[in-house]
Amino acid sequence: MKLAVFDFDSTLMDGETIDFLAKPLGLEEKVAGITEKAMAGELDFFESLIERVSLLKGLDYAQAVEICKDLPLMPGATELIPALKEKGYKVVCFSGGFRIGTSPAKDKLGLDADFSNVLHEKDGVLTGQVGGDMMFGFSKGDMIQRLQNILGVSKADTLVCGDGANDLSMFEHADTRIAFCAREVLKKEANIIVDKKDLTEILKHI
């Protein structure tokens, strides 16, 4: 068995979930600016996540769920996942974003699992708080080691793919490290670089 782990925002999905959620509040540009700094490695991921989610306070939860049902998948995503499964990979998604976005995508793409964060809501409204599996800069590295142990998969049989600084921790635990339309901070640690917005390009390298 082999393991393939993909980031969600700007990797399996074309965009950043939190930017889509900030749009109805008129805060898209403000949130996107913080996201960009975090992905470039200029901000602590946990602190940037807390700051960005706090800006979503007051958003109707049902509206947030509706927005996340239809996030645009990255070109090539629907072709890539079955192709990897044919090659013997279990394919999972790790996201510093949110379950309301990753779970619908998991079902559409046929992923084996999704690990992400949960937006806290009370009385049908987002409270501006968040918790979950992927809160810290080290979270993806932490979770990939757990999965490797459970599944009995070696570093040599692990493929990871992402675009930003919070993907660095999982790069340490995989021999196949793909930087997809990525920030420089991640490209430096990758051994496969794909700069074309088409996930099927990955198949040429593995």
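The values are calculated or read from the model by the stated rules, or taken from the named source; none is laboratory data. Fair warning: this is a prediction, and the values are worked out from it, not measured in the lab. Neighbour counts run over all protein chains shown; Cβ positions are idealised from the backbone, glycine included.
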query: Out of (1) out of contact with any Asp or Glu (no Cβ under 9 Å at 6 or more places or on another chain); (2) in contact (Cβ under 8 Å) with a residue 60 or more places away in the chain, the odd one out for Lys30 is which?
result: (2)
message: I'd like to know if segment 142-159 contains one or more residues that are in contact with a Lys or Arg (Cβ under 8 Å, 6 or more places away or on another chain), part of a loop (DSSP other than H, G, I, E, B) and without any contact (Cβ under 8 Å) to a residue 40 or more places away in the chain.
response: no
Lone unmet requirement of (1) surrounded by 16 or more Cβ atoms within 10 Å (Cβ to Cβ); (2) touching a strand residue (DSSP E or B) at 6+ places or on another chain (Cβ under 7 Å) for Gln129: (1)
- prompt: Which residues, counting only those in segment 154-164, are buried (at least 20 other Cβ atoms within 10 Å of the Cβ) and over 21 Å from Thr35 (Cβ atoms)?
  reply: Thr158, Leu159
- prompt: Out of Val118, Val130, which single residue is under 24 Å from Tyr61 (Cβ atoms), in contact with a Gly (Cβ under 8 Å, 6 or more places away or on another chain) and at pLDDT 95 or above?
  reply: Val118
query: Is it fair to say Gly137 is touching a residue at least 12 places away in the same chain (Cβ under 8 Å), under 21 Å from Arg52 (Cα atoms) and part of a strand (DSSP E or B)?
result: no
